[in-house]
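The values are calculated or read from the model by the stated rules, or taken from the named source; none is laboratory data. These numbers come from a predicted model, not from an experiment. Neighbour counts are summed over all protein chains in view; Cβ atoms, including those assigned to glycine, are modelled from backbone coordinates with ideal geometry. Side chains are part of the model used for accessible areas, which takes the heavy atoms of the whole protein and leaves out ligands, DNA and RNA. Shrake-Rupley method; radii C 1.70, N 1.55, O 1.52, S 1.80 Å.
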Amino acid sequence: QVQLAESGGGLAQAGGSLRLSCAASGRTFSSYAMGWFRQAPGRERGLVAAITGSGAITAYSDSVKGRFTVSRDNSKNTLYLQMNSLKPEDTAIYYCAADRDFIVVRTGTPTYWGQGTQVTVSS
């Protein structure tokens with residue numbers, strides 16, 4: 001069982017930055033691939049970024065590539081999402097998620113989910 005808790009959301013201006021964190025419970029954090037997802041009002045939840053357990057491999061949606069960076073600190077059981085050059089269309093609830101299988105994270109069906117944190121970007 002993995003419990004996930006996101007933090008770091010809030011209000012930012014267009015062009016600004018925010019850093020999201022996701023704290024995970026358990027002693028086997030490095031065994032889990034992790035992902036960040038987001039859901040805007042009226043839209044389906046979609047993958048933002050994914051990272052393997054070791055952190056060696058990452059993947060991004062085209063809409064955030066070059067602006068967002070996913071990383072993890074396995075010694076702290078924490079996942080991060082650095083968001084730069086924010087746009088109003090980045091406004092959404094952001095969720096972190098975990099699964100032992102990186103492909104499962106990338107395809108959007110990981111087993112464990114956090115409760116989400118709101119990110120609002122004003123123009």
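In a simple Cβ point-charge model (Lys, Arg +1; Asp, Glu -1; nothing else charged), the chain has a dipole of about 140 debye relative to its Cα centre. Expressed per residue, the C-alpha convex hull volume of the chain stands at 89 Å³. Taking only protein heavy atoms and a 1.4 Å probe, the accessible area of the chain is 45% carbon and sulfur.
A 1.4 Å probe run over the protein chains yields, for the chain, 51 Å² of accessible area per residue, whole-number rounding. In terms of the mean number of neighbouring beta-carbon atoms within 10 Å, the peptides 36-45, 75-84 order highest first as 75-84, 36-45. Projected onto its three principal axes, the C-alpha set of segment 45-86 covers 29, 20, 16 Å, listed from the longest axis down. Farthest towards the positive end of the charge dipole of the chain, among the residues Ser30, Ser61, Leu81, is the Cα of Ser30, using unit charges on the Cβ of Lys, Arg, Asp and Glu.
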